[in-house]
Amino acid sequence: LHVWWARRPLTASRAAVLGSLLPADFPRDVFEKLLGFERGAEHIVKTRQLMDLGLRVPGGFNTARAFKAPLRLDHVALAYSYAKRIWGEEPKVLDPMAGGGSIPLESARLGFATLANEYNPVASSLLEATVDYPFRFGKRLGELARKWGAVWESRVAVRLAKFYPERRFAKIHAYIFARTVPCPDTGYHTPLVPDWHLLKPKSGSRVVAWPVVDKKRGTWKVEIRTLARNADPPHPTYDNGKGISLFTNSQIPADYIKAKAQQGQMRSQLYAVALKRGTKLWFEPPSDDDLKALDEAQRELERLRPKWELDNVIPTELYPEVTSDPRPRMYGMFRWADLFSPRQLLCMGVLVEELRKLRPEIIRAEG
């Protein structure tokens, strides 16, 4: 369900461990091999520099990705002997704020005694699964996780497929939503969008969602446009807490937005879909099927939610009043569940519910 967002790259984590334990005269070539570099650092740096200049390098780095390279036991033994020579005893590595566990994982893989600490309960759970379980249960754990994960995924997919309509000849890469509040003058819901760009590369064409407003009906949608080099994008409708109404172009005060949000009148509207085929990425307005799926997901959530709240399937606990980020409460999200859109919350609930159903089956089968 979750990968720790501050997880450090494994190769860099291994470098941090080895760099902390080894002396400056440790053989550089062995150090690089321990990091998984099949070629020397000079070759890698020069190749990277050529690529950054826009030059095509046949074969690229001509090497596998570093974190996939196996550790050679003779290299590990040499590192261990050098580290022991400096520290005078078996070295121990302590990571007092270990997060998702990249540093202790690499330390343990190298064979060093490793201690890890983490006070965040989510990260702590991930830390145990990342560092402790593989060493305790071995390869079989990964095989079982993949086996039962596939069963779990198939059951969830059956229940959720209709809420995510597919596109022919392309995969949906992302859904792009805007928060909306009632326009103070018309009452029509108007979007709060700080930037209408959908694609803004350093070089090449920019792509924007261009709002098209029907003032009589009180609706809006977008056209997907590619901008000329010097063309301006649509004006933002949200900046520094304040909004601009699409229907009147009048300013919407920050206090008004917060008040409407706290009254439960802030909504969200899907206005663009990112599609991908191979490496090609493009954007389209949402289809009728996309919008219908969102409505159906909301109705399904309303049907399931009373029981889910009783069974503690979704997080209905209050968002803390004392916090480093007061914005959820400021914008009407008083409970953790309020941070999710209806379809997101439906997905989370189905995932949890199906996992709970599957757990007894796993225990009976695996003991």
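Remarks
- Residue among Ser20, Ser13 that is within 25 Å of Asp95 (Cβ to Cβ), open to solvent by less than 30 Å² (accessible area, probe 1.4 Å), in contact (Cβ under 8 Å) with a residue 40 or more places away in the chain and of a type in the set (S, T, N, Q): Ser13
- The set of residues in segment 139-164 that are touching a residue at least 12 places away in the same chain (Cβ under 8 Å) and either surrounded by fewer than 14 Cβ atoms within 10 Å (Cβ to Cβ) or of a type in the set (A, V, I, L, M, F, W, C) (or both) comprises Leu144, Trp148, Val151, Trp152, Val156, Leu160, Lys162, Phe163.
- Residue in segment 210-235 that is nearest to Ser268 (Cα to Cα), counting only those that are open to solvent by less than 50 Å² (accessible area, probe 1.4 Å) and not aliphatic (A, V, I, L, M): Trp220
- Within segment 90-104, residues that are over 17 Å from Leu21 (Cβ atoms) sit with their Cβ atoms under 9 Å from residues that are open to solvent by 70 Å² or more (accessible area, probe 1.4 Å) and part of a helix (DSSP H, G or I), at 6+ positions apart or across chains, in these pairs: Gly101/Glu128.
- Hits in segment 199-235 (condition: among the charged types (D, E, K, R) and part of a strand (DSSP E or B)): Arg206, Asp214, Lys221, Glu223, Arg225
- Residue under evaluation Arg8, criteria (1) more than 31 Å from the chain's Cα centre (by Cα); (2) under 25 Å from Tyr119 (Cα atoms); (3) of a type outside the set (S, T, N, Q), criterion not met: (1)
- For segment 333-350, the set of residues classified as within 20 Å of Arg155 (Cα to Cα) and either open to solvent by less than 40 Å² (accessible area, probe 1.4 Å) or modelled with pLDDT under 95 (or both) consists of Arg343, Leu345, Leu346, Cys347, Gly349, Val350, listed by residue number.
- Listed conditions (1) over 19 Å from His189 (Cα atoms); (2) assigned to a loop (DSSP other than H, G, I, E, B); (3) open to solvent by less than 70 Å² (accessible area, probe 1.4 Å); (4) not polar (S, T, N, Q) are all met by Pro286, apart from (1).
- Residues that are under 30 Å from Gly99 (Cα atoms) and small (Gly, Ala, Ser) within segment 1-58 comprise Ala6, Ala12, Ser13, Ala15, Ala16, Gly19, Ser20, Ala24, Gly36, Ala41, listed in sequence order.
- Residue among Leu73, Leu115, Leu55, Leu105 that is closer than 20 Å to Arg8 by Cα and open to solvent by 80 Å² or more (accessible area, probe 1.4 Å): Leu115
- If you filter segment 236-252 down to residues that are free of Cβ contacts under 8 Å to residues at least 24 places away in the same chain and part of a loop (DSSP other than H, G, I, E, B), you find that the one that is surrounded by the fewest Cβ atoms within 10 Å (Cβ to Cβ) is Asn240.
Residues are listed down the side, and each one gets a yes or a no for (1) closer than 30 Å to Asp52 by Cα; (2) of a type in the set (A, V, I, L, M); (3) open to solvent by 40 Å² or more (accessible area, probe 1.4 Å):
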residue: Arg167; (1), (2), (3): no, no, yes
residue: Ala170; (1), (2), (3): no, yes, no
residue: Arg179; (1), (2), (3): no, no, yes
residue: Asp185; (1), (2), (3): no, no, yes
residue: Thr190; (1), (2), (3): no, no, no
residue: Val193; (1), (2), (3): no, yes, no
residue: Lys202; (1), (2), (3): yes, no, yes
residue: Val208; (1), (2), (3): yes, yes, no
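- Among the residues making up segment 312-332, those that are open to solvent by 30 Å² or more (accessible area, probe 1.4 Å) and under 14 Å from Arg179 (Cβ atoms) are Arg327, Met330, Tyr331.
- Of the residues making up segment 137-158, one or more are part of a helix (DSSP H, G or I), within 30 Å of Met266 (Cβ to Cβ) and within 24 Å of the chain's Cα centre (by Cα).
The values are calculated or read from the model by the stated rules, or taken from the named source; none is laboratory data. Values in this document were obtained by computation on a predicted structure and should not be read as measured data. When we count neighbours, we look across all protein chains shown, and the Cβ atoms used for this are built from the backbone with ideal geometry, even at glycine. Accessible surface areas use protein heavy atoms only, side chains included; no ligands, DNA or RNA. Shrake-Rupley method; radii C 1.70, N 1.55, O 1.52, S 1.80 Å.
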